[in-house]
Amino acid sequence: MTRIRGLLLCACAALACAGAGAASAGLDVGVTEDAGKTGDGGAAFFATLNDAGLKVNRVSINWDAANPTTIAGQDEIAAWLPQAQAAGTRIIFAVAPLNARDLTATPDARTRFTAFVTQLATTFPTVKDYVIGNEPNQPRFWLPQFSPAGKPLAAAQYLPVLAASYDALKAVDPTINVIGVGLSPRGNDQPFAKSNASRSPVRFLHDLGVAYRATGRIKPLMDELAFHPYPQPQQGPPSVHYGWPTAGLANLDRIKQAVWDAFHGTGQPTFAEAGTAQPKPLRFDLDEVGWQVAPLPALASLYTGVETPGTKLISEDDQAAYYRDTVTLAECDPGVRMLSFFHLVDETDLGRWQSGLERADGSHRPSYDAVKQTLAQTQGNCPTKPVAWRHLTAVVLPTAAWGSLKPQPPKRSRWSFRAGAGEEADFKAGIFKAGPSKAALGRRLAAGRPKPLLLARGVIKASTRPVYFPQRRLKPGRYVYAIRMTATMNSSRASVLVSRPFRVGARK
């Protein structure tokens with residue numbers, strides 16, 4: 001959702017919140033900022049980060065397919081890298097193609113990109129963190145997203161780029177931390193949309209897992225997962241939950257589950273789980289997060305252009321509160337290693353992002369002091385109880401509303417109930433004679449035999465829907481409704497729900 005060269009935006013999300021001990025090693029917080037380090041500004045820039053308690057700066061490195069061996073700004077990078085090292089600031093290189101089709105237009109593009117990544121690692125050996133790609137689930141940064149027939153393509157095309165980059169970087173230095181994807185929190189999954197035909201984060205991870213398993217690869221793809229938990233266009237607080245299959249800060253458990261569904265049992269590690277030992281689990285790098293603020297009237301002359309139509313801006317005080325909460329939410333999730341705010345300083349073009357900790361004149365917004373004070377108090381460690389996450393083996397939030405289970409007249413021929421889930425799920429539902437156990441009914445629905453008296457099947461779209469059976473009268477007797485749901489992202493996750501018995505006809 002952001003242009004690699006200048007943008008960064010960026011919950012307490014878990015299946016259970018329990019006292020699981022302190023978050024490991026403490027959260028590193030920083031900014032994504034490409035400006036401010038050239039000339040004599042480098043020392044001042046890194047001094048500002050230190051003053052605010054910020055330890056990380058993510059820097060964009062664009063690969064230009066027309067000039068595949070040129071490192072843009074190489075001399076400038078070489079000049080300020082020692083200043084970053086002296087200040088104790090970790091530098092992350094986010095390497096991505098300059099144009100959306102650069103890695104898909106020619107057969108040798110992947111090889112040339114991988115050579116460029118190797119060139120970066122050998123040219124700047126002190127940089128130990130690399131993000132490969134930027135929002136490949138969005139058409140602004142990766143094309144094509146879908147085939148002409150509507151088949152999703154982006155994840156399968158991105159996978160060999162990530163795999164080759166992982167292998168190349170590890171060959172240069174096994175200690176380099178390879179960070180994958182740079183996942184956008186949004187995506188409409190509409191291949192024929194008039195604009196922004198894109199892939200949602202949950203579905204993109206599913207596609208990536210399918211492609212990974214198809215290769216037979218046994219090595220990992222990434223050490224960390226970069227995720228951009230931008231706020232919704234309404235710019236609500238970080239506690240706002242997004243609808244499935246999108247995700248925000250409050251839905252990190254959804255992304256963890258999507259990774260588990262995609263990669264469990266393979267060479268790619270998944271996220272750590274409460275009560276289990278995992279040598280090198282996957283962790284988050286939340287490297288783009290931010291909320292846009294209306295510039296102060298007194299500083300209006302420092303900004304140019306106009307806001308993007310429909311942009312909702314929040315107050316500086318709200319931004320401060322949101323940034324403080326964002327730090328705490330990330331600190332209390334042991335699955336998060338790094339968090340970066342976009343930006344340190346506002347972009348002056350109103351068509352871009354005014355989400356900085358500082359205004360265009362360099363003065364501090366309340367968010368600067370809020371982040372600084374929070375980090376001074378916590379040192380990046382959770383001040384309350386860390387969240388504890390474990391993967392699900394069932395469908396998320398399966399529900400059924402059976403309707404009236406009172407005795408029904410013999411002439412009744414219309415049968416239905418409502419079912420729902422917190423994710424997309426396929427279902428088979430049946431009406432059975434009362435008696436068999438829940439497990440037995442689940443097996444019958446899974447196998448398709450013995451058949452129920454009445455059968456219905458379909459898809460639940462992460463909401464609730466009616467389940468209608470074929471019209472038919474039932475003989476007098478006792479019956480139950482039963483439904484078996486399977487998650488479309490992982491069919492091995494299933495849930496079975498069975499109603500109380502209901503009677504048709506008078507009791508004998």
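When residue 161 is tested against (1) of a type outside the set (Phe, Trp, Tyr); (2) within 20 Å of the chain's Cα centre (by Cα); (3) modelled with pLDDT under 95, only condition (3) is not met.
From 325, 333, grab the single residue that is open to solvent by 10 Å² or more (accessible area, probe 1.4 Å), within 26 Å of residue 274 (Cα to Cα) and at pLDDT 95 or above.
The unique qualifying residue is 325.
One residue stands out among those in the stretch 277-302 that are in a loop (DSSP other than H, G, I, E, B) and touching an Asp or Glu at 6+ places or on another chain (Cβ under 9 Å): the one that is surrounded by the most Cβ atoms within 10 Å (Cβ to Cβ), which is 291. Quick check on my filter: what residues within the stretch 435-486 are under 34 Å from the mean Cα position of the chain (by Cα) and among the hydrophobic types (A, V, I, L, M, F, W, C)? Selection gives 445, 446, 456, 459, 460, 462, 467, 482, 483, 485. Please specify each residue of the stretch 135-176 satisfying the condition of being surrounded by fewer than 19 Cβ atoms within 10 Å (Cβ to Cβ) and acidic (Asp, Glu). Listed by number, the residues that qualify are 167, 173. Total residues in the stretch 34-50 satisfying the condition of being part of a helix (DSSP H, G or I) and either acidic (Asp, Glu) or open to solvent by 10 Å² or more (accessible area, probe 1.4 Å) (or both): the figure is 7. Whether any residue in the stretch 48-58 is touching a Leu at 6+ places or on another chain (Cβ under 9 Å), modelled with pLDDT of 90 or more and charged (D, E, K, R) is what I want to check. Yes, the conditions are met somewhere in the stretch 48-58.
For (1) touching a strand residue (DSSP E or B) at 6+ places or on another chain (Cβ under 8 Å); (2) of a type outside the set (S, T, N, Q), each residue gets a yes or a no:
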| position | (1), (2) |
| --- | --- |
| 108 | no, yes |
| 123 | no, no |
| 146 | yes, yes |
| 152 | yes, yes |
| 160 | no, yes |
| 167 | no, yes |
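The criterion of at least 2 residues that are under 30 Å from residue 252 (Cα atoms) and at pLDDT 95 or above is met, among strands (runs of 3 or more DSSP E) falling completely within the stretch 390-508, by 399-401, 416-420, 424-433, 454-461, 464-468, 477-487, 490-498.
The values are calculated or read from the model by the stated rules, or taken from the named source; none is laboratory data. Every value quoted in this text rests on a predicted model; they were computed, and no experiment measured them. Here the Cβ is made from the backbone with ideal geometry for all residues, glycine too, and neighbour counts use every protein chain on show. Just the protein is used for accessible areas: all its heavy atoms, side chains included, with ligands, DNA and RNA removed. Shrake-Rupley method; radii C 1.70, N 1.55, O 1.52, S 1.80 Å.
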